[in-house]
Amino acid sequence: MPPNMLTELKLKSVLNDPQKARITEPEHPTFYGIKSAAAKSINFELRYTFPKGTKQQTRSLGSYPKKSLSYIRKKAAWYRECIAAGEDPALKEKEERMGLSGDRSFGAMIDEWSKNVFLKEAKDKAYIKRVERNLEVVKAELGSLQTASVSAKVLLKPVSKIAKASESEAARTVNQLIQVFSYANRIHGTGGNTAAFDLKGTFRPARSKKRPAITDEAPFKTMIGDVLDHPATARSDILFMVALITFARIGELVAGRWEEIDWENRIWHVPALKPDGTNRTKKAKYQAPKAHDIYLTDQLVQLLRNLQSITGNSEYMFASINRRKNKPHMDVATVQKRLKEMKGGMYKGVQSQHGFRTNASTWIAKNHSALPNAAIAVEIASGRTPEGVEYVYNRYTFWKEQCEVWALWSSYIESLLPCPLSEIGN
């Protein structure tokens, strides 16, 4: 043992002395213990500089006799070894405490961010699969590189491959890679790499498509008549009318099951998820999909009774005619395809199934502007979440207003029909 090296015997002697003391070893002057006057313990610390030229740091190694001298000395030696190897001991200690890998390659950082951040927040299975697929493209090209060495020029290559399929996906991938770099720097101290941030704006997400809709009454009435006059099955006629009256998303309607209808309380309960666990309703940003209700107006009750005489023995309201196992209900494109093809394509780009909400919203605004919260009611009634901070905190459902909107709109649609509601689908 080197002379003047600390021993258990010496430490006990220091503790028995009521005076304050500072003890160290000549071989390692930055490793020392401090005892306050009359204290029953000695606090050991290590001073070091990392990287060179920066401010000196102090790390606690433990308190003797709570921690043995052997443990304290080993911890001090571990710190010195990290510094000698060019590693920040504070960050390495943090990694070990969190159970993280010491691998700081870009691929490892993507995997860690995905496991510890992304997968804990994301809920939509299809979205998760899409993100993971895009990140795999990046990992295949750059996964073995050290995170700190990845440049914007190098990063552009794999992201450009994603952009060939979809610029929106490429733009989303850039935003996720910004989070990966931020995570790597925060957790592993890989440096303030701005490679992904430098690519922000390089790829433009697709703009929201306009939903064509006829807002003048005369041509709108003609369009309804043309649709119902177009050769189609009875259930297709009813689906068109239900979609028009409820102005809900078509995917929510075609997947409807008879067990969701509460005839007594006149409510159609649309669940958030399908039986297979996939989303039935569309989720708002950063939120899980939510169930919502549709009010059964007199007109909607009549249409569903007409439909019940056709598919009442099936699980699904809009059961597929072919009854294929992978398609138990009608296709989501049924109504849109009909609008595009009828009258030699006359309504293509003029009226769309997505535009039914626009039809309803515009008519309500023109004819019932005094109705309280009408615009919000239309938004919620169609299964959407109004935008704005106030609606994040506002838990009022506007159900009464939704029912009023549906009732007014349903009556108006009935007044435009070329035949009685009872004849549609019969």
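The values are calculated or read from the model by the stated rules, or taken from the named source; none is laboratory data. These figures come from a predicted structure and were not determined experimentally. Glycine also receives a Cβ, built like all others from the backbone with ideal geometry; neighbour counts cover every protein chain displayed.
Restricting attention to segment 330-356, and to residues there that are over 12 Å from Pro212 (Cβ atoms) and within 32 Å of the chain's Cα centre (by Cα), which single residue is surrounded by the most Cβ atoms within 10 Å (Cβ to Cβ)?
Val335
Return the total of residues in segment 33-49 being within 13 Å of Val14 (Cα to Cα) and either of a type in the set (Ser, Thr, Tyr) or not in a strand (DSSP E or B) (or both).
6
Only one of Ala375, Ala381 is surrounded by 18 or more Cβ atoms within 10 Å (Cβ to Cβ) and out of contact with any Leu (no Cβ under 9 Å at 6 or more places or on another chain); which?
The conditions single out Ala381.
Tell me, which residue of segment 190-214 that is aliphatic (A, V, I, L, M) and modelled with pLDDT of 70 or more is farthest from Val180 (Cα to Cα)?
Once the filter is applied, the top-ranked residue is Ile214.
Here is a check on your reading of the model: is Thr190 touching a residue at least 60 places away in the same chain (Cβ under 8 Å) and outside any helix (DSSP H, G or I)?
So Thr190 passes the test.
Kindly establish whether Thr202 is of a type outside the set (Lys, Arg), farther than 30 Å from Tyr412 by Cα and part of a loop (DSSP other than H, G, I, E, B).
In short, yes.
If you check Lys221, Lys290, which single one turns out to be surrounded by fewer than 19 Cβ atoms within 10 Å (Cβ to Cβ), assigned to a loop (DSSP other than H, G, I, E, B) and in contact (Cβ under 8 Å) with a residue 12 or more places away in the chain?
Lys290
Which one of the conditions (1) of a type in the set (Ser, Thr, Tyr); (2) closer than 23 Å to Ala122 by Cβ; (3) buried (at least 17 other Cβ atoms within 10 Å of the Cβ) does Thr297 fail to meet, given that it meets all the rest?
With respect to (1) of a type in the set (Ser, Thr, Tyr); (2) closer than 23 Å to Ala122 by Cβ; (3) buried (at least 17 other Cβ atoms within 10 Å of the Cβ), Thr297 is out only on (2).
I'm trying to understand the selection: among the residues of segment 355-374, which are more than 13 Å from Glu404 (Cβ to Cβ) and either polar (S, T, N, Q) or in contact with a helix residue (DSSP H, G or I) (Cβ under 8 Å, 6 or more places away or on another chain) (or both)?
Phe356, Arg357, Thr358, Asn359, Ser361, Thr362, Trp363, Ala365, Ser369, listed by residue number.
Going through segment 126-161 one residue at a time, which ones are surrounded by 19 or more Cβ atoms within 10 Å (Cβ to Cβ) and not in a helix (DSSP H, G or I)?
Val150 - this is the single residue of segment 126-161 that is surrounded by 19 or more Cβ atoms within 10 Å (Cβ to Cβ) and not in a helix (DSSP H, G or I).
Exactly one of these conditions fails for Ser149: (1) modelled with pLDDT of 90 or more; (2) within 30 Å of Lys92 (Cα to Cα). Give me its number.
Ser149 satisfies all of (1) modelled with pLDDT of 90 or more; (2) within 30 Å of Lys92 (Cα to Cα) except (1).
Does Lys123 meet the test of being part of a loop (DSSP other than H, G, I, E, B), closer than 30 Å to Val159 by Cα and either of a type in the set (Lys, Arg) or in contact with a Gly (Cβ under 7 Å, 6 or more places away or on another chain) (or both)?
Judged against the criteria, Lys123 is a match.
For segment 330-349, enumerate the residues that are among the small types (Gly, Ala, Ser) and part of a helix (DSSP H, G or I).
Gly344, Gly345
Taking Arg22 as the residue in question, decide whether it is within 47 Å of the chain's Cα centre (by Cα), in a strand (DSSP E or B) and free of Cβ contacts under 8 Å to residues at least 24 places away in the same chain.
Spelling it out, it is not the case that Arg22 is within 47 Å of the chain's Cα centre (by Cα), in a strand (DSSP E or B) and free of Cβ contacts under 8 Å to residues at least 24 places away in the same chain.
List the pairs whose first member sits in segment 144-166 and is at positive phi, whose second member is of a type in the set (Ser, Thr, Tyr) and part of a loop (DSSP other than H, G, I, E, B), and whose Cβ atoms are under 7 Å apart, counting only residues at least 6 apart or on separate chains?
none
Just checking, does segment 62-76 include any residue being surrounded by fewer than 15 Cβ atoms within 10 Å (Cβ to Cβ) and in contact with a strand residue (DSSP E or B) (Cβ under 7 Å, 6 or more places away or on another chain)?
yes
Condition check: among the hydrophobic types (A, V, I, L, M, F, W, C), within 30 Å of Phe181 (Cβ to Cβ), loosely packed, with under 13 Cβ neighbours inside 10 Å and at pLDDT below 90. Does Ala38 satisfy that?
In short, no.
Would you check if there is a residue in segment 234-254 being without any contact (Cβ under 8 Å) to a residue 60 or more places away in the chain and assigned to a helix (DSSP H, G or I)?
Checking segment 234-254: not a single residue is without any contact (Cβ under 8 Å) to a residue 60 or more places away in the chain and assigned to a helix (DSSP H, G or I).
The conditions are (1) more than 19 Å from Tyr183 (Cβ to Cβ); (2) under 20 Å from the mean Cα position of the chain (by Cα); (3) loosely packed, with under 15 Cβ neighbours inside 10 Å; (4) not hydrophobic (A, V, I, L, M, F, W, C), and Lys164 fails exactly one of them. Which is it?
The failed condition is (2).
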